[in-house]
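Structure record follows, encoded as structure tokens.
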Amino acid sequence: MTLHLPYDVVVDERGSMCPMPVIALARAVKQSPEATVLLLADDPAAISDIPAWCAMRTRVLVWAGDTGDGRGHGFLVAPTQDDRAHIL
Amino acid sequence: MRPGARQTLLAALDQGYADPSRRYHAARQSRRLLDGARESIAAIIGARPDEVSFATSGTQAVHLAVTGLAQGRQRIGRRLLVSAVEHSCVIHAARAVPEGKVEELPVDSRAVVEPERVRAAIARGEVALLAIQSANHEVGSRQPISEIAHILDNSGIPLIVDAAQSLGRDDCPAQWSILTASAHKWGGPTGVGILAIRNGTRWRSPLPDDPHESGRIPGFTAIPQIVAAAVALQEAEDERRTESARLFALTERLRTELPVRIPDALVLGHGIERLPHIVTLSMAYVAGEALLEDLDREGFAVSSGSSCVADALVPSHVLVAMGALTHGNLRISLPPGALESDVDRFIHVLPSIVAKVRDSLGAGDL
């Protein structure tokens, strides 16, 4: 990981396909509702599905983009638009 | 195929087999059948008969509409504006235009084109064409065709309306330069598409010269299929006067009852400005493929825009453009005459199938 993001939990779902990345994200959020979760995924559907899931569950997608190592995308999902969001 | 269309097709296989360009008796009979079909379809779509030609499929009609218009207007502009939620055949046709610059117009979360985006896009000039569907094929939302046509007024920019989803099911838009459709969609035979080009439109065939269908569609014309397609469309139009309201009520039940019974399910598309017979929903934590298999076992043939169902790895471009959840996607299309008891049964079985699929993925508690 070359990213420097203020996350509490990282969920690496690279290599798994829809709907598994969203399920893993939902699982992490259920286990740690207060945590900011960094999800890593390379399923092309995740680019659409993670923002849509966040809207459905009123989570905040603080950041989304390349992981920087050429292996998929990262999605930083926070419970609310808190201070950490302003760091970015 | 509709029974009336099937009967017509069988009769026309004998009566409409001769070459309509010849002068002998059987040829004149073919000509009369073809002319009658053309007049009937022209009246339904609000066109003059000489504006209507018969393609070999809806896809061929779209290909020729886009590439022929781009060619006819290449001196005016090379920008090809298409909505981001057009049927793939429209987008692929635009991408096939040599030196064409394809621009996809974004849509809102209901897959509806925002007319202001059209206004902004045409303000930059050099537009060869604009292609907007009458209604979306995946989520059923109607597009604001008359509003968009009003924006194009006096600009000279031709509007291609792909009406494949609407003909025989919903009102046909009145404002277009080129209208395309597919007979298969309204219960006609396969192998018949409609390519209607308003007189005065700068369309030029992109194909080698050929005399058939006023030089628009190459090859011998499939008169029996066309005659059957015209009969089917007339039947579908007559039927929808009563059937549309009934199907709208049934799809409304699916739209309101399914999300109540299935957690984390979202109904997609416009709630009111929509086709009467289509309902689409996305359900979180569900693999579309398992869902379709279970529904098929229950006797329900439905489709999905999820990437895990399609052969491609990428999800439906329509769902992506809407920003919708692409997995667990289900499109329910009610045929004319769909029974309320089948809708009841669907509402009854889907929640338990979804729960089962979620459990199998370890997502039952999310």
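The values are calculated or read from the model by the stated rules, or taken from the named source; none is laboratory data. Computed from a prediction, not measured in an experiment: that's the story for all the values here. Because the Cβ atoms are built from the backbone with ideal geometry, glycine has one as well, and the counts that use them run over all protein chains shown. For the accessible areas, the whole protein counts, side chains as well, though only heavy atoms, and no ligand, DNA or RNA atoms are used. Shrake-Rupley method; radii C 1.70, N 1.55, O 1.52, S 1.80 Å.
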Every residue from segment B:252-270 that is more than 19 Å from B:Gly305 (Cβ to Cβ) and either of a type in the set (A, V, I, L, M) or open to solvent by less than 40 Å² (accessible area, probe 1.4 Å) (or both): B:Val260
Selected residue (criterion: modelled with the lowest pLDDT) from residues of segment A:15-32 that are touching a His at 6+ places or on another chain (Cβ under 9 Å) and part of a loop (DSSP other than H, G, I, E, B): A:Cys18
So B:Ala93, is it more than 30 Å from B:Ala245 (Cβ to Cβ), modelled with pLDDT of 95 or more and surrounded by 22 or more Cβ atoms within 10 Å (Cβ to Cβ): yes
Strands (runs of 3 or more DSSP E) lying entirely in segment B:78-185 (those with 3 or more residues that are of a type in the set (Asp, Glu) and in the same structural domain as B:Pro224 (by TED's automatic domain parsing)): none
Exclusive hit being touching a residue at least 60 places away in the same chain (Cβ under 8 Å), surrounded by fewer than 19 Cβ atoms within 10 Å (Cβ to Cβ) and within 18 Å of B:Arg110 (Cα to Cα), set B:Gly305, B:Gly323, B:Gly337: B:Gly323
Residue within segment B:299-319 that is at positive phi and of a type in the set (Ser, Thr, Tyr) present: no
Test: residue in segment B:62-76 that is assigned by TED's automatic domain parsing to the domain that holds B:Phe220, without any contact (Cβ under 8 Å) to a residue 60 or more places away in the chain, assigned to a helix (DSSP H, G or I) and open to solvent by 30 Å² or more (accessible area, probe 1.4 Å): yes
Qualifying positions in segment B:264-286 - of a type outside the set (Gly, Ala, Ser), out of contact with any strand residue (DSSP E or B) (no Cβ under 8 Å at 6 or more places or on another chain) and at pLDDT 95 or above: B:Ile272, B:Pro276, B:Tyr285
Verdict on B:Asp238 being of a type in the set (Asp, Glu), open to solvent by 50 Å² or more (accessible area, probe 1.4 Å) and not in a helix (DSSP H, G or I): no
Of residues in segment A:27-58 being touching a helix residue (DSSP H, G or I) at 6+ places or on another chain (Cβ under 7 Å) and facing chain B (nearest Cβ under 9 Å), the one farthest from B:Leu281 (Cα to Cα): A:Asp43
Lone qualifier among B:Val227, B:Val231 - being aliphatic (A, V, I, L, M), open to solvent by 40 Å² or more (accessible area, probe 1.4 Å) and either within 14 Å of chain A (Cβ to nearest Cβ) or assigned to a helix (DSSP H, G or I) (or both): B:Val231
Scan of segment B:1-17 for residues that are buried (at least 18 other Cβ atoms within 10 Å of the Cβ) and of a type outside the set (D, E, K, R), ordered by number: B:Ala5, B:Thr8, B:Leu9, B:Ala12, B:Gly16
Count of segment B:276-299 residues which are touching a helix residue (DSSP H, G or I) at 6+ places or on another chain (Cβ under 6 Å), away from chain A (no Cβ under 14 Å) and part of a loop (DSSP other than H, G, I, E, B): 3
